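Student: Sharing a structure below in structure tokens format, with a few things to ask.
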Amino acid sequence: MAKRLDETNKSIIKALGDGRRPFSAVADELGITENTVRSRVNRMVDEGILNISSLVNPEMIPGLQVVMMGVKLKTLDLERKAKEFCALKGVFSAAVVTGRYDLIVQLVISESDGLSLLDFFKHELVKVSEILEVETFVVYQSHDLWVPYCI
């Protein structure tokens, strides 16, 4: 179930920026205690609202490539299928969407790390049943796209 964010939590998230900013600086900026910031951030992390993680710019890492896939399925159990995709090597996101596809799946591949797009299709995608159609979109250039290094 989705959680509502109060104004303080929204302000804390915005003030954290890239996640490396000290809680003391956030507290000073917002006029609250460092303890309040720490406890609220920890609660949001525990509740699955906030994730502080390291992301990379794929254009800055030689050989790293982002691929987005539109997927049509034979089943309407889309949430289960999205979770199956998330368990595959290289996949960092699977979203249930409207439109011509049932899912949009995002993955990171790198031949130097042992995962080419062909390897993904041959060894990972085959683990998911009930796929009708897959269309890939290889990202050649991006603007402000940051992804986890999950290969």
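Student: May I ask you to verify whether LEU64 is in contact (Cβ under 8 Å) with a residue 24 or more places away in the chain and under 18 Å from the mean Cα position of the chain (by Cα)? First the steps, then the outcome.
Tutor: Working: in contact (Cβ under 8 Å) with a residue 24 or more places away in the chain: yes; under 18 Å from the mean Cα position of the chain (by Cα): yes.
Considered against the rule, which asks whether it is in contact (Cβ under 8 Å) with a residue 24 or more places away in the chain and under 18 Å from the mean Cα position of the chain (by Cα), LEU64 comes out as yes.
Student: Got a number for residues in segment 96-150 being over 20 Å from the mean Cα position of the chain (by Cα), at negative phi and part of a loop (DSSP other than H, G, I, E, B)?
Tutor: Residues flagged as over 20 Å from the mean Cα position of the chain (by Cα), at negative phi and part of a loop (DSSP other than H, G, I, E, B) within segment 96-150 amount to 2.
Student: Given the structure, is GLY114 modelled with pLDDT of 95 or more, among the small types (Gly, Ala, Ser) and loosely packed, with under 13 Cβ neighbours inside 10 Å?
Tutor: Working: modelled with pLDDT of 95 or more: no; among the small types (Gly, Ala, Ser): yes; loosely packed, with under 13 Cβ neighbours inside 10 Å: yes.
So GLY114 does not fit the description; no.
Student: From the list LEU64, LEU30, LEU5, LEU55, which residue is in contact with a helix residue (DSSP H, G or I) (Cβ under 6 Å, 6 or more places away or on another chain), aliphatic (A, V, I, L, M) and at pLDDT below 95? Before you say what the answer is, go through the steps one by one.
Tutor: Details: LEU30 fails: at pLDDT below 95; LEU5 fails: in contact with a helix residue (DSSP H, G or I) (Cβ under 6 Å, 6 or more places away or on another chain); LEU55 fails: in contact with a helix residue (DSSP H, G or I) (Cβ under 6 Å, 6 or more places away or on another chain).
Of the residues listed, the single one that is in contact with a helix residue (DSSP H, G or I) (Cβ under 6 Å, 6 or more places away or on another chain), aliphatic (A, V, I, L, M) and at pLDDT below 95 is LEU64.
Student: Looking at segment 14-57, which of its residues are closer than 23 Å to PRO148 by Cβ and touching a Phe, Trp or Tyr at 6+ places or on another chain (Cβ under 8 Å)?
Tutor: Within segment 14-57, VAL41, SER54, LEU55, VAL56, ASN57 qualify.
Student: Being more than 14 Å from TYR149 (Cα to Cα) and either modelled with pLDDT under 95 or of a type outside the set (Ser, Thr, Tyr) (or both) is the filter here; which residues of segment 89-111 pass it?
Tutor: Applying the first criterion (more than 14 Å from TYR149 (Cα to Cα)) to segment 89-111 yields 94-105.
Matches in segment 89-111: ALA94, ALA95, VAL96, VAL97, GLY99, ARG100, ASP102, LEU103, ILE104, VAL105.
Student: Right, SER93: in a loop (DSSP other than H, G, I, E, B), touching a residue at least 12 places away in the same chain (Cβ under 8 Å) and within 30 Å of ILE131 (Cβ to Cβ) or not?
Tutor: Numbers: in a loop (DSSP other than H, G, I, E, B): no; touching a residue at least 12 places away in the same chain (Cβ under 8 Å): yes; within 30 Å of ILE131 (Cβ to Cβ): yes.
It is false that SER93 is in a loop (DSSP other than H, G, I, E, B), touching a residue at least 12 places away in the same chain (Cβ under 8 Å) and within 30 Å of ILE131 (Cβ to Cβ).
The values are calculated or read from the model by the stated rules, or taken from the named source; none is laboratory data. In this text the structure is predicted, and so the values were computed from the model without any measurement. Neighbour counts are summed over all protein chains in view; Cβ atoms, including those assigned to glycine, are modelled from backbone coordinates with ideal geometry.
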